[in-house]
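First comes the structure, then the notes that go with it.
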């Protein structure tokens, strides 16, 4: 490593050493970390500058770090000069200025507020070249400096190895993001989204991702993110019109082998003038994709809302300026308010909030989980020494949901309200770090309940409301009177029995009813009393979220003679298909009597301990909801080794 340049700032919190590169050391970056040196821009380039004159030359290229998701999100800053200066303040002394000190400050929107991260400008290199992100103009250093600040925010560079474009867009804009999956979408939905993308292409950052292995001519890479840099109409010699997407690969080199690649055969179907116009617009790493190929090769599009002014976001659906914003922090705490989804009888225990709408408004209600990162979001990160050096953003976030009811505040009956359909709600609980509901609400009071899918799941969250009309947001606290349900509305008392068991290989892990070994599964008896009809059976496996087995159960009426033949007797209640979830449950109406519940994994010989909860209650009016669990998010990270 060359000696440091005398008199320049050295960041003591994020030193130029291996600890700032890797944390757990479980990525391909670890074997290379000892070979990486740290150089300042003037030691890398003869004429370093922050930004190139041509904004197209500011596009990012990915190095040996798998952070294509972050590089794609940085395109949002190139769409808006005010937003760029919000994240990368313009009044900083650079290498051309007399006041240059080697110190730079960047800002990120973290969990409800903008925080500052200050770094020195020593950057990781291999062979005197940047080994992580860099720009098309390799003498422009805004992107590698921003990447370093983002790495410091997360504890180390390795913490950026894989992630969601949507999360980085929120961190860079302070706004909202939508993800549109095209994989199983109907043609009408695709056309609607295309029209919206054409309308917003100049104002919004757009990214497309590959989240599966692809077979075919394109094969742009699995679990990889790309930037959509333009969408244009073209015309064939035959007069037929077509739509072409200009896509940028963060690898910074051509990898596209589709029919519209630079040397593709379809360009001959255009007039020479028309084809030359398209081909002259692409640079290293860019390629054109026809609409049909686009839907075939890419799984989803991520799009950010335009930020018109500081913290003023524009709706992508109506164009309204969401100039009224309120936010409030909350937590789910075990034993207090971690009530779980509407599938659980404890749903009403969740945190509750008043939203008062004063005039008809377009409304966006967002729910953000606290980012699971090393540093968190202290008020002054540049003065914090809490570098925990963990790749904690690899921890799977919890599944969360959000529901809103229109209510009469003075006559609120929580138990009665939650049994009615909400005016807006998430269709399933999602693992997204930030989700939002778009709705048009009438004046009056509304009840907002954020929830986790599983009860007794702890976490911190930020509830944020953005709208074009005046609102007020407040929490319903214990000292505010809330009328509880009377006995004539919901009579009876829930009683819950917990039973424990275990699936053991070659013993009691018989698998589902598809297998002849099903009869080996534990058969757990229980009784429905004469004064009870509603029964809820919950199966919880004691396993890590990432190692979940697919689980389910069947309930059988116990025969009087005790001779139960599981494969020949039809169950009277079932919780299937088997689900890769820590907990599954089923509420059913059973006549009084003796029953047997048989929990199972889908495949035989899968070992795990479990608990069965049998809850009974008399004549309870069931909540008309069956909440579902969304898919685990697939992160993107693909690397390109520098040659």
note = Wholly inside region 229-335, strands (runs of 3 or more DSSP E) that include 3 or more residues that are under 30 Å from residue 367 (Cα atoms) are 300-304, 307-309, 312-314, 324-332
key: Only one of 174, 102 that is under 22 Å from the mean Cα position of the chain (by Cα) and either surrounded by 22 or more Cβ atoms within 10 Å (Cβ to Cβ) or touching a residue at least 40 places away in the same chain (Cβ under 8 Å) (or both)   = 174
ask   = Checking residue 309 against (1) at pLDDT 85 or above; (2) under 30 Å from residue 466 (Cβ atoms), which single condition isn't satisfied?
value = (1)
message = For region 523-576, give me each residue that is without any contact (Cβ under 8 Å) to a residue 12 or more places away in the chain and within 14 Å of residue 594 (Cα to Cα).
response = 559, 560, 561, 562, 563
Given (1) under 17 Å from residue 616 (Cα atoms); (2) at pLDDT 85 or above; (3) not in a strand (DSSP E or B), index of the condition residue 499 fails = (3)
note = Picked from region 353-375 (must be assigned to a loop (DSSP other than H, G, I, E, B) and under 17 Å from the mean Cα position of the chain (by Cα)), the residue modelled with the lowest pLDDT is 373
ask   = Can you find even one residue in region 482-494 that is part of a strand (DSSP E or B), at pLDDT 50 or above and surrounded by fewer than 15 Cβ atoms within 10 Å (Cβ to Cβ)?
value = no
ask   = Just wondering, is there one or more residues in region 46-56 that are within 33 Å of the chain's Cα centre (by Cα) and either at pLDDT 95 or above or surrounded by 22 or more Cβ atoms within 10 Å (Cβ to Cβ) (or both)?
value = no
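The values are calculated or read from the model by the stated rules, or taken from the named source; none is laboratory data. Small disclaimer: the values here were computed from a predicted structure and weren't measured. Ideal geometry is used to build each Cβ from the backbone, glycine not excepted, and the neighbour counts take in all protein chains shown.
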